[in-house]
Amino acid sequence: MKAECVLFNLAAAVALFLLNGWLGKLQFGIDELSFEYGSISFFDTDSQNFSGNFFQKIVNPTVFLAAVASVMQGIGLQDMIGSLWLMIPMFWGIRLMYMILKNRLRILNLKWEALACLLSLGLGEGVFFGLIQELIRQGEAIWISSAALRDAIWFAILAYVARTAWSVMKKIYAGKHLYPQETLEAYVLKRYDAFSGKYGAYITQQVAERYGEKLSRDAQERFIRTIYAIMIYEDYNRPFLTRVLERIARVTVFRSCEMTLGIMQAKTTKLITDCQSIGIAMEELSRPFLSGEPDPEMRAAEAYNFGENYAREVRGIYDMLDRRLPSDRDAPDNEVYRI
């Protein structure tokens, strides 16, 4: 191989290495990319994603190789194209020397580096020998024809317009537009009105009798709000008709099995009323409050149901009640919303 071919490939490999680094800097920190570019950090590596680094090292050398071959064919250096297979191995050699000089080998994930190298060489050499060399042998242009380029440009324009239109339309489907906080809070307060009117006296009496001497007034209010928050969420997941069907199934099919019944979906082997389900739920929900655990509302919800996001949803309802319903000391004359 001629010395000028080796020097040309070396210069092209250096240019590819510098271009790759520059593209990495441009992509770093952009979370919206399909493949994110990360940087090794002693402070915050866990939150970063290196998928962009991995695929960039695989794909970019092949793209660069094809572009260089196309340019060389266009300016009449077709005889030198046959040596371009050397460029990608040189690129990886330069990368290895750079990592040695920067003392990075000790912290690099060598398994992934080796995998990226093998995939990069396989893709690049495969495209070179299987496509580029074959096009040259047949006397065809490496670069696409003007007609194909025109079609590609129009496809790109149409794809861009469609993507932009979707990005604009997608905002319409944002949660804050479809399900605004005001609507959710109105639903929660409406269900609270219904349940407090139906079960409020029973809940107040039971809390006072069972925990009046064990919990402070503030803790009792928070405990009652927790009961209502779980009641509202359970009713949301198991509305009245579903609970009726559950009672029918309990009487006719699952006579001796443990089921969740009543407004609070309490676990029981017996047929119980809604008030009885509230009484059963109180026993379990009161434990974090009685033991003085931090954030007892969240702990109670977590213990009551292990379902995914259950405690978080209950806490969201609790916070709505806490924001919108005044406490006894804040509104002594408000009998409707007093807790």
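The values are calculated or read from the model by the stated rules, or taken from the named source; none is laboratory data. Everything numeric here is computed off the predicted structure, so don't read it as measured data. Counting neighbours? That spans all protein chains shown, and the Cβs are built from the backbone with ideal geometry, glycine included.
A few comments on the model shown:
- Residue match in the range 130-144 (condition: closer than 30 Å to R238 by Cα and either of a type in the set (S, T, Y) or touching a helix residue (DSSP H, G or I) at 6+ places or on another chain (Cβ under 6 Å) (or both)): no
- V314 falls short on exactly one of the conditions (1) touching a helix residue (DSSP H, G or I) at 6+ places or on another chain (Cβ under 9 Å); (2) at pLDDT below 90, and that condition is (2).
- Residue match in the range 196-212 (condition: assigned by TED's automatic domain parsing to the domain that holds I278, within 23 Å of M320 (Cβ to Cβ) and of a type in the set (D, E, K, R)): yes
- Of all residues in the range 49-73, those being farther than 12 Å from A13 by Cα and in a helix (DSSP H, G or I) number 17.
- In the range 270-306, the qualifying residues are those that are within 33 Å of the chain's Cα centre (by Cα) and of a type in the set (D, E, K, R), and the one that is surrounded by the most Cβ atoms within 10 Å (Cβ to Cβ) is E297.
- From the options S256, S291, S277, S327, residue that is at pLDDT 90 or above, hydroxyl-bearing (S, T, Y) and either out of contact with any Gly (no Cβ under 7 Å at 6 or more places or on another chain) or not assigned by TED's automatic domain parsing to the domain that holds L189 (or both): S291
- Residues that are part of a loop (DSSP other than H, G, I, E, B) and among the acidic types (D, E) within the range 266-301 comprise E293, D295, listed in sequence order.
- Here L101 does not fit the description of being free of Cβ contacts under 8 Å to residues at least 12 places away in the same chain and under 21 Å from V6 (Cβ atoms).
- Every test in (1) modelled with pLDDT of 90 or more; (2) under 17 Å from Y304 (Cβ atoms) is passed by N237 save one, and that test is (1).
- Set side by side, the residues P239, P180 differ, and just one is within 18 Å of G316 (Cβ to Cβ) and without any contact (Cβ under 8 Å) to a residue 40 or more places away in the chain, which is P180.
- I263 fulfils the conditions (1) assigned to a helix (DSSP H, G or I); (2) touching a residue at least 60 places away in the same chain (Cβ under 8 Å) except for a single criterion, (1).
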